[in-house]
Amino acid sequence: MTQNNGQKILKKVEIRGSHLQMGQQIGEACKEQVKHSVENARVLLDTAYDSLQLTWDMAKIQASKYIPFAEERYPQFVDELRGIAAGSGVSFGDICVVNVMEAVTVDALHLTKCTSLAINQERSLDGHVMLAHNEDWVPEDEDDVFLVEAYPDNEPAFMAMTYGALLPNIGFNEHGIAQCIDSVYPSDCRIGVPRLIYSRAVLSAHTLDEALRAILVPQRAAGYNHLLAHESGELYNVEVSAHYFALMSSENGTLVHTNHYTDSEMRKVEHEPDELISTRVRYFRAQRLMRQTQMHTRDSLTRVLRDHVNHPDSICNHATIGDPLDREKTVCSLVMDLSERCMYAAWGSPCESEYHLFRPGF
Ligand SMILES: [Zn+2]
C-alpha cells in the first residue's frame, strides 16, 4: 500500500515473460495478498459449512475436476496459476480452489455483485471510449486488490485489476480491447472450462472476434456477463451460460450491466431470479443516471460509480452486514479510457477514495 496525502494507492505489479514466469512474478510480488485471499476463502467455506456442507479438502477435490478442461483448452493460463503457487508458496490445489470458487460452491456465494458501464464517441464529451466498473466482493479481500501490467512473450500486453490468487480478467490490452465482468447465475452449470480461465483469454485477444471466441469456448463450466469494448467504439454485453449466450450491442452509445440476465432467452436459464432483486435496482438506477447526462466524462462516470440509491445495496456497495454468504462491498472502482490507454483506479469504496491514474508503457 502506498500512502499519498492519506489516500491509499493500489500496488501495480509489472510482469513479463512466459506464463509460468508471469505467474511466479505475481506470486512473489503479492505473496501476502495471495495467502490472505486463500485464507479468506477458507474462512468463508468454514463459516458457510451449514449451508454448503463443503470442507476445504472437499473443495480441492471439486476444483481438481475442472483443471483438466482448463489444461486442454488454455494450458498457458493453468501455467500462470502454477506460477502464482510457486511464487507465493501456496499449494497449486489451494490456488485452484480460489479460481473455481464460484463453481465449487455452486454459486451459493451470491457475491461479485458488480456494476459495469461503457460509453463510446456518441455519448462522450471528448470522444473517448470509456468503461467503468465497481468490483464488489467480500470486504476482507479489499486489502488483496492490485493491478497488473503484463508483457507476455507471445501475447498482447495488457493492464488489469485483480485480487489475491485470482487470474487477472478486468482490464484492457494493447489492441484496444477491454473487458469488465459481472457475475450472473445460470442454472445449467457443468464441469468444464472455469469462467475465470476463459475470461483471462479475452485479454490475449487481437480482435473483438477473438475475444468473443474466447468467451464462447466449448465445454465452458458456466458463464458471466462480459462487457466488451473496442477502442473503435464497438460495445457489447455478452451474457453467457454453460450452453447458451446472447450478444447485445449498444444502441445509444452507452451500455450498463449488473448481475442478472437481460436477454429474454437467457432469463430462461437464470437460477432463482426471485433472489436477484438488488441487481435489478442497480441496473435501472445506472440506466437512469447514464440517460441523465447526454455527453459523459470521466467525472460523470465516477459520479455513477459513487451513487448510493438503495444503500447499502447501491452501485457504490456497502452491504457488509448479514449472512456471511451475502456480505460484500465495493473493493475497487475503475474507469478505463481506451482512447488514452489508461486506467483510473480507486481502492475500496469510491465514495471515500480518490481515483489515481495508471498509464501502462504499451
Ligand atoms: Zn459508497
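Here are a few things to note about the model shown:
- Flag for Ser339 being in the same structural domain as Glu275 (by TED's automatic domain parsing), within 30 Å of Gln121 (Cβ to Cβ) and either out of contact with any helix residue (DSSP H, G or I) (no Cβ under 9 Å at 6 or more places or on another chain) or not in a strand (DSSP E or B) (or both): yes
- When the range 210-266 is filtered for residues that are closer than 25 Å to Leu338 by Cα and among the polar types (S, T, N, Q), the ones remaining, listed by number, are Asn225, Ser232, Asn237, Ser249, Ser250, Asn252, Thr254, Thr258, Asn259.
- Total residues in the range 244-269, condition touching a strand residue (DSSP E or B) at 6+ places or on another chain (Cβ under 7 Å) and of a type in the set (D, E, K, R): 2
- Single residue of Ile197, Ile181 found to be under 26 Å from Arg359 (Cβ atoms), of a type in the set (A, V, I, L, M) and crowded, with 19+ Cβ neighbours inside 10 Å: Ile181
- Considering residues of the range 282-332 that are within 26 Å of Ala48 (Cα to Cα), among the charged types (D, E, K, R) and away from the ligand (no atom under 16 Å from the Cβ) only, the residue surrounded by the most Cβ atoms within 10 Å (Cβ to Cβ): Asp326
- Listed by first and then second residue, the pairs with beta-carbon distance under 6 Å, at least 6 apart or on different chains, first residue in the range 178-200 and outside the structural domain of Pro273 (by TED's automatic domain parsing), second not hydroxyl-bearing (Ser, Thr, Tyr), form an empty list.
- Pairing each residue of the range 299-325 that is farther than 12 Å from Arg285 by Cα with any residue that is within 12 Å of the ligand (Cβ to nearest atom) and among the acidic types (Asp, Glu), provided the two are 6+ apart or on different chains, yields C-beta distances under 6 Å for Asn317/Asp136; Ala319/Asp313.
- Elements of type helices (runs of 4 or more DSSP H) contained in the range 12-80, each with 3 or more residues being closer than 18 Å to Leu167 by Cβ: 19-29, 31-47, 56-73
The values are calculated or read from the model by the stated rules, or taken from the named source; none is laboratory data. If you're wondering where the values come from, they're calculated on a predicted model, not measured in any experiment. When we count neighbours, we look across all protein chains shown, and the Cβ atoms used for this are built from the backbone with ideal geometry, even at glycine.
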